[in-house]
Amino acid sequence: MAGLTSTTGSRRLPPERLDTAALGGPLPITSSRMAHLWDALVHAYRVLGFEEAAGGDAVFAQLVLVRIVEPTSKLDSARVLEEAGVSAPSHRKLLRRLPVYAKRAWRQRPSAACARHAGLGPGEPGALRRVHLVFRD
């Protein structure tokens with residue numbers, strides 16, 4: 001990288017000026033834009049058939065997608081969602097939904113969607129890893 005454009009875009013800083021120690025520590029992050037990444041992940045989620053398989057469950061979608069952005073605990077997923085500019089479900093709502101996702105019938109729906117997308121048939125039991133592994137801490 002030859003240099004970094006300043007926030008005004010008017011000049012470039014040479015790499016040697018980017019030494020954060022000389023500036024008194026790490027530079028603060030004042031904003032972040034993850035909308036394009038998030039939109040692409042949501043699109044892939046829909047194409048794979050997860051949205052239909054999950055019955056449009058927004059909490060499930062957020063848990064799946066946030067762990068692609070940053071593998072983290074279920075509880076810390078709210079922080080990552082907020083950083084991505086997505087409203088996170090409440091802690092209570094998350095705790096209410098987790099037992100639903102742990103049920104065998106629920107886990108089979110996303111698994112079957114993966115199998116259909118991969119052309120494996122209606123969700124052969126040993127064809128894919130269990131979806132519940134996504135939700136292990």
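The values are calculated or read from the model by the stated rules, or taken from the named source; none is laboratory data. Not measured: the values here are computed from a predicted model. Because the Cβ atoms are built from the backbone with ideal geometry, glycine has one as well, and the counts that use them run over all protein chains shown.
Looking at (1) at pLDDT 85 or above; (2) assigned to a loop (DSSP other than H, G, I, E, B), which is the only condition Leu75 fails?
In the conditions (1) at pLDDT 85 or above; (2) assigned to a loop (DSSP other than H, G, I, E, B), Leu75 misses (1) alone.
Out of curiosity, is Gly123 at pLDDT 90 or above and assigned to a loop (DSSP other than H, G, I, E, B)?
Considered against the rule, which asks whether it is at pLDDT 90 or above and assigned to a loop (DSSP other than H, G, I, E, B), Gly123 comes out as no.
So in region 78-94, with the set limited to residues that are in a helix (DSSP H, G or I) and touching a residue at least 12 places away in the same chain (Cβ under 8 Å), which one is farthest from Tyr45 (Cα to Cα)?
My answer is His91.
Mind listing whichever residues of region 39-60 are out of contact with any Pro (no Cβ under 7 Å at 6 or more places or on another chain), of a type outside the set (Lys, Arg) and part of a helix (DSSP H, G or I)?
Asp39, Ala40, Leu41, Val42, His43, Ala44, Tyr45, Val47, Glu51, Glu52, Ala58, Phe60
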